[in-house]
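Read-outs: derived from the displayed coordinates by stated rules, not from any lab. None of the values given here were measured: they were computed from a predicted structure. For neighbour counting, all protein chains shown are included, and Cβ atoms are generated from backbone atoms with ideal geometry for every residue, glycine included.
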There are 2 protein chains.
Amino acid sequence: MSPATGGRHRPTMRDVAREAQVSVMTVSRVVNGGDPVNPQTRQRVLDAIERLGFRPNSLARGLRHNRSTGLIGLVVTNLANPFYSRLAVAVEETARRLGLALIVGNTDEDAARERQLVEDLLARRVDGLIIVPAGEDHGYLAGDLTRGTSVVFCSRPPRGIDADVVTVDDFGGARDAVAGLAAKGHHRIGYIGHLARIHTGGERLNGYLAALADAGLPAAEELVRVGITGAEEAERAAADLLGGPAAPTALFTSNNLLTVGALRAMRTLRAVGGAGTELVGFDDFDLADMLEQPFSVVAYDAELLGRTVTDLLADRLAGETGPPRAVVIGTRPAPRGTLAARQATR
Amino acid sequence: MSPATGGRHRPTMRDVAREAQVSVMTVSRVVNGGDPVNPQTRQRVLDAIERLGFRPNSLARGLRHNRSTGLIGLVVTNLANPFYSRLAVAVEETARRLGLALIVGNTDEDAARERQLVEDLLARRVDGLIIVPAGEDHGYLAGDLTRGTSVVFCSRPPRGIDADVVTVDDFGGARDAVAGLAAKGHHRIGYIGHLARIHTGGERLNGYLAALADAGLPAAEELVRVGITGAEEAERAAADLLGGPAAPTALFTSNNLLTVGALRAMRTLRAVGGAGTELVGFDDFDLADMLEQPFSVVAYDAELLGRTVTDLLADRLAGETGPPRAVVIGTRPAPRGTLAARQATR
DNA sequence: TTGTATGCGTTATCAC
DNA sequence: GTGATAACGCATACAA
C-alpha cells in the first residue's frame, strides 16, 4: 500500500502532518483557515490531505472545545404516519438551514423505547431534542434541561417537567367540527377515536363532548368508540356503529388513519345501499380531495408545526433562557380536504 | 448550587469521581460493568452518578477506541415523497434493531447539496451511508470506501464508483405495464415521466419504449412528456395530452406524484364528459384503492427496499469485503393499488 | 510563520 | 479492588 493511495484506516492530522513534513498544528491551521500559513507549506499540506484522503473528525473537534455537536434528535411516535413524516421533513429542512444534523427515532408509541432512544441521544450529546412524547412522565429529563440540553415537546405536552411545547388546537378543532355537524341538524353523532389517555385523543374527545353539550345533545355512550389504533380497526368500528340499531347520521374521527378506516366502511355500506353518513375527521391527508365520498377534515399546517418546534429549539440553542413557552397551532375546517400532492420529484 | 442538585454543566466522570471520592477509572468500571468493583464503592459511585445526573459521553468513548460511532447516514432526494418516507421508516427500524442511530438528510435532488451532506456525515464519522444519489458522479467516495466507510446506494446505481446497490426493476415494471395496455388494444399510449437523466426516469422510459416496440406500435413523440417534476405539472401535461387532437386512449405515468396529477386531469376531463382514459402508474400509494377512477399501478415493496439496503450495509459494517453486490427488487401489477393505510396510531 | 505543551472525556494498560 | 498514566484526534495558549 503506497502512501500515495492512502492507508487502510481513516487518516488523522498526524498522518497528514507526517506526510507533509510539518507539525499537527500546521495541518490544523490549514484545515481551519484563519491563522496565517506559509503558502508553500500550505500547499504541501493540502497535497498531503488530498493524497491521503483526510477528512477532519468533527467529533474530536467537538470534544476539544466542549461545545455543540450540531446534532439534534427527533423522537416521534409513528414515523409511518404521513403526518409525522411531514413533520420530520419540515424539521429536517429547518434544522439543515440552521446547520444542524438530524437523528430521527421512532418509538412506536412505546414509552420504554422512547426512554431508551432519548438516553442514547443524550449519550451522543445532541444539542437538543424534539420529542413527540409517548411516555407518561418526562421528569427524568429535568436535570438535563438545566445542564444545557434543550428539549422541546411536540403535539403533546410533557408531564413531570416544564419545557417548551408546540401543540395543535385539538380541543377547539374537534369542538368546532362537531358543532358544525350539530348545526346541520345531526342529533346522533358518532365518535371514533384513538386512545383517550394520549393527549390528542383526550382533547379531541373532550372537544366532541363539549360540542354535544353546547348543542344540548346527550352524550350517548354507544356512539363513542375510543382506543382504536389503526385504519382497519376503525373500519370495523365504523361498520359496527353504522350498521347498529340506532346508527348515527354523522361521524367524527380523531385522526387521519381512523378517517380512512371510516371512509372504507362507508364505501362498503354505500355499495349495499346504506344511507349517506356525514363524516368529519381530524387531520388533513393527501388525496382527501380526490375521494368521491363527501366528507371534510379538520386541517392544520403540519409543516408549520415542524418549523415552529424547530425554531423554538434553535432559540434555546442560541441561549434563550426565558420561561417555557407554549405555542398552539390553529386548525381550520377543510371541506373534502385540500392537501394536494404538491411535492415535486425533479 | 448544591452538589446534590448537580452543576450547570454536563458532568463528566471526573465530577462523579470527585463526588464519590474515587478515581475516574473506578467510575468507568462501574459505568461499563464487567470489571469487578467493591459493592460499597460501586454503590457510592452509582449514588454520585444519580446525584449529578451523569451520562456517559459516547462520543468520547468512540474517540478513545477509535471505532464505530454506531451512526449511519441516510441521504435521500425527496423525503416529502411518501415513497421515500416509507423507505426511511424501514431503514430507521432496521437500523435501530441493529443498534445503529440514523441521521437523515434531504438533497432535494440537488447534487451540490448531496455532496455537502455526505461530506458532513463523513466528518461526523458515520460508520456507513445509504445514498439515493442525486449527483452524477460519486468517485469522490472511492477513497472513503477503502478506508472503512461503507456505502450502499439505493434506487439508483452510482457512477464513478463500484459499490453495493439496491434498485427496483424499473425497466421490467414499466415494460410489463405498457405491454398490458397494448394487449388490451390500446394503440396510442401516452407517457408522462420525470427527468430521463435520472436513472429511474430513464429506465422506465426505456421500458415504455421497449413495450411499444414489442407490440409493433410506433413511438410517437407527441405522446411523450418527460422532465415533469410534480403533481401539478403532471396534471397540466395530462390535460394537454388528453385534450389534444389525437389524444391517447391510455396513459403511463412514471411515478406516484405524476400518477396523482394525471388522475386529477382525468377527473376534470370526465366532469366535462371526456372519454375514459386507461391509466397505469409506477409506484403504489396510499388510498389508491379508494379512488373511484379506474387505474392501476406498478407496485413494489418500499419497506423491502429499505430493509434490504440496510441489511447490505450492516453486512459491510460487520466486515463483509466481497465484491459489490447488486440487488433488484421486483415489481408487480396492482389493479387499483393495494396499499391500504395499515399503520396504527395507538 | 511554525512548533510545544496541554486538555477535552473516556478507556487500555499496567502497577499497586 | 483500585489508581496512575497514556492515548484517541483535535484545538487553545503560549513560546520560539
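Think of segment A:170-299 as a dipole: +1 on every Lys or Arg Cβ, -1 on every Asp or Glu Cβ, centred on the Cα centre; then among A:Val280, A:Gly216, A:Leu263, A:Gly216 lies furthest on the positive end.
When only C-alpha pairs under 8 Å and at least 6 residues apart count, what is the relative contact order of segment A:170-299, in percent?
Values: 240 pairs, mean separation 34.0, N = 130.
Taking the mean separation of contacting Cα pairs over the length of segment A:170-299, I get 26 percent.
Toward the positive end of the charge dipole of chain B, about the Cα centre and with charges on Cβ (Lys, Arg +1; Asp, Glu -1), which of B:Thr41, B:Val118, B:Ala179 goes farthest? It is B:Thr41, whose Cα lies furthest towards the positive end. Net charge dipole, segment A:170-299: roughly 300 debye, given to the nearest 20, about the Cα centre with Cβ charges of +1 for Lys and Arg and -1 for Asp and Glu.
Each copy carries a label point for A:Asp35 at 7 Å from Cα along the beta-carbon vector; from one copy to the others these points are 3.4 nm apart, nearest first. Taking springs between alpha-carbon atoms closer than 10 angstrom, which of B:Val297, B:Val45, B:Val132 fluctuates most in the Gaussian network model of chain B? Of B:Val297, B:Val45, B:Val132, the most mobile in the Gaussian network model is B:Val45.
Please give the peptides A:156-169, B:312-325 ranked by average Cβ packing (other Cβ atoms within 10 Å per residue), highest first, as a rough proxy for protection. Let's see the in-between values first.
Values: A:156-169: 19.4, B:312-325: 14.8.
Per-residue Cβ counts within 10 Å, averaged per peptide and sorted highest first, yield A:156-169, B:312-325.
For B:Tyr191, the residues whose modelled amide H falls within less than 5 Å of its own, excluding neighbours fewer than 5 places apart on the same chain, are B:Val224, B:Arg225, B:Phe252.
Peptide packing for B:198-205, B:241-248 was compared via the average number of neighbouring C-beta atoms within 10 Å per residue; ordered from the highest value, the list is B:198-205, B:241-248.
Inter-chain neighbour count for A:109-117: the average number of beta-carbon atoms from partner chains within 10 Å of each residue's beta-carbon is 1. Each other copy holds its own label point for A:Thr229; taking that point as 7 Å from Cα along Cα to Cβ, the gaps run 4.3 nm, nearest first.
Note on segment B:77-137: Rg/Rh from C-alpha atoms, Kirkwood Rh, equals 0.97. Normalised by the number of residues in chain A, the mean separation of alpha-carbon contacts (under 8 Å, six or more apart) gives a relative contact order of 15 percent.
Under Stokes-Einstein, with the Kirkwood radius over Cα pairs as Rh, the value for segment B:132-253 at 20 °C and 1.002 mPa s is 134 µm²/s. For the residues of A:229-241, the average number of beta carbons from a partner chain within 10 Å of their own beta carbon is 2.
For the segment B:77-86, counting C-beta atoms of other chains within 10 Å of every residue's C-beta and taking the mean gives 6. Percent of C-alpha pairs per 10 Å bin in segment B:13-167, short distances first: 10, 32, 23, 16, 15, 5, 0. Protection proxy ranking for B:29-39, B:301-311, using the average of other Cβ atoms within 10 Å per residue and placing the highest first: B:301-311, B:29-39. Over the protein assembly as shown, the Kirkwood radius and the radius of gyration, each from Cα atoms, give a ratio Rg/Rh of 1.01. Our coupling estimate for segment B:81-89, obtained by passing each phi through the Karplus curve with A = 6.51, B = -1.76, C = 1.60 and θ = phi - 60°, is 6, x, 4, 6, 6, 5, 4, 4, 4 Hz, Gly and Pro reported as x. The Kirkwood radius of segment B:1-98, taken over pairs of alpha-carbon atoms, gives through the Stokes-Einstein law at 20 °C and 1.002 mPa s a diffusion coefficient of 131 µm² s⁻¹. Divide the volume of the convex hull around the Cα atoms of segment A:158-206 by the residue count and you get 70 Å³ per residue.
Note that segment B:214-231 has calculated 3J(HN,Hα) couplings of 4, 8, x, 9, x, 8, 7, 4, 6, 9, 10, 10, 10, x, 7, 10, x, 4 Hz, one per residue in order, obtained from phi through the Karplus relation 6.51 cos²θ - 1.76 cosθ + 1.60 (θ = phi - 60°); glycine and proline are x. Under 5 Å between amide hydrogens, built in the peptide plane, is the criterion, and for B:Val166 it picks out B:Phe153, B:Cys154, B:Ser155, B:Val327 among residues at least 5 positions away or on other chains. Note that segment A:187-346 shows a convex hull volume over its alpha carbon atoms of 142 Å³ per residue. For chain B, the longest principal axis of the Cα atoms and the long axis of helix B:111-123 meet at an angle of about 20 degrees. If only the Cβ of Lys and Arg carry +1 and only the Cβ of Asp and Glu carry -1, the dipole of segment B:124-167 around its Cα centre is close to 140 debye. 3J(HN,Hα) couplings calculated from phi for segment A:262-272 with the Karplus curve 6.51 cos²θ - 1.76 cosθ + 1.60 (θ = phi - 60°) are, in sequence order, 5, 4, 5, 4, 5, 5, 4, 5, 5, 4, 9 Hz; Gly and Pro show x. Compactness of chain B is given as radius of gyration and Dmax, 26.7, 89 Å, from Cα positions.
Can you give the Rg/Rh ratio of segment B:266-333, where Rg is from the C-alpha atoms and Rh is the Kirkwood radius? If you can, show how the numbers build up before the last one.
Values: Rg = 19.3 Å, Rh = 15.3 Å.
Ratio value, two decimals: 1.26.
Would you list A:Arg18, B:Arg96 from fewest to most Cβ contacts within 10 Å?
A:Arg18, B:Arg96
Annotation: average projected area of segment B:128-176 is 3.5 square nanometres, based on the convex hull of Cα atoms across all directions.
Amide H contacts of B:Phe285: B:Thr338, B:Leu339, each under 5 Å away and 5 or more positions distant or on a separate chain (H built 1.01 Å from N in the peptide plane; Pro and chain starts excluded). Over what distance in Å are the Cα centres of segment A:291-305 and segment B:219-264 separated? The distance from the Cα centre of segment A:291-305 to that of segment B:219-264 comes to 27 Å.
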